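Here the structure is laid out as structure tokens; the discussion comes afterwards.
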Amino acid sequence: MADAGSLLPSGLVCASDAPPGARLPMPVSPDTLDDLLLRCQRHEPAAQRALYARYASKMLGVARRYARSVAEAEDILQDSFVKVFTRLAEFRGEGSLEGWIRRIVVTTAINHWQSGRLRRQHLLLDDVAEPAAPDASSLDRLSVAEVLALMEQLPDGCRLVLMLYAVDGYTHAEIGEMLGIQESTSKAQLSKARKQLLLLHQRQINYIRP
């Protein structure tokens, strides 16, 4: 996985809290994880609700970073957990269950994005001139929430690559596989995204005016 520390504040990599206003189930008394998995594979509704409650809040935070609204993130979350319960027998315990679910959420978010108003052929064709690189140190003073708010303003293609690389820690090779693009294209979009992010911040603090 990629080291995102040189791109964004280190806290951003762990920022996966659910967004305000999101509808989530109340926590339930936990079974052991192995018990829950076995019961979920037997399609027991109570076990499925318990597994959902255990991971829904964090995974909604993941979905929200890729979605443009809380409602869209909730749709991604619901679709993701349908896949989780359908594919649960595929989980072999190689790595954490949380990481396995997270990848399903990210992949589902990408599928939503590609099937939405911006089709795949436009994915990495953001028609935005690449600016000169401003001073990167200005981002270090921002909170996680402030950086995420700036990322919301990026063009969709480079925003997606930045999110995958700098927030969720995928390598350019993994991003290329997930999006069906060349590694060099992923790297170019990341460079553009980073410079656009810095430019947006400098405009915000009146160093550069639109």
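Laid out as a table, the results:
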quantity	calculated
Which numbered condition Thr171 misses (of (1) out of contact with any helix residue (DSSP H, G or I) (no Cβ under 7 Å at 6 or more places or on another chain); (2) at pLDDT below 90)	(2)
Those residues of the range 30-81 which are in contact with a Lys or Arg (Cβ under 9 Å, 6 or more places away or on another chain) and of a type in the set (Lys, Arg), in sequence order	Lys58
When residues of the range 35-68 are limited to those that are of a type in the set (A, V, I, L, M, F, W, C) and touching a Phe, Trp or Tyr at 6+ places or on another chain (Cβ under 9 Å), the one farthest from Leu97 (Cα to Cα)	Ala67
Of all residues in the range 168-178 being within 13 Å of Arg103 (Cα to Cα) and of a type in the set (A, V, I, L, M, F, W, C), the one that is surrounded by the fewest Cβ atoms within 10 Å (Cβ to Cβ)	Met178
The one condition in (1) touching a residue at least 24 places away in the same chain (Cβ under 8 Å); (2) hydrophobic (A, V, I, L, M, F, W, C); (3) part of a helix (DSSP H, G or I) that Ala149 fails to fulfil	(1)
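The values are calculated or read from the model by the stated rules, or taken from the named source; none is laboratory data. Predicted, not measured: the structure shown is a model, and the values here were computed from it. Positions of Cβ are backbone-derived with ideal geometry, glycine not excepted, and every protein chain shown enters the neighbour counts.
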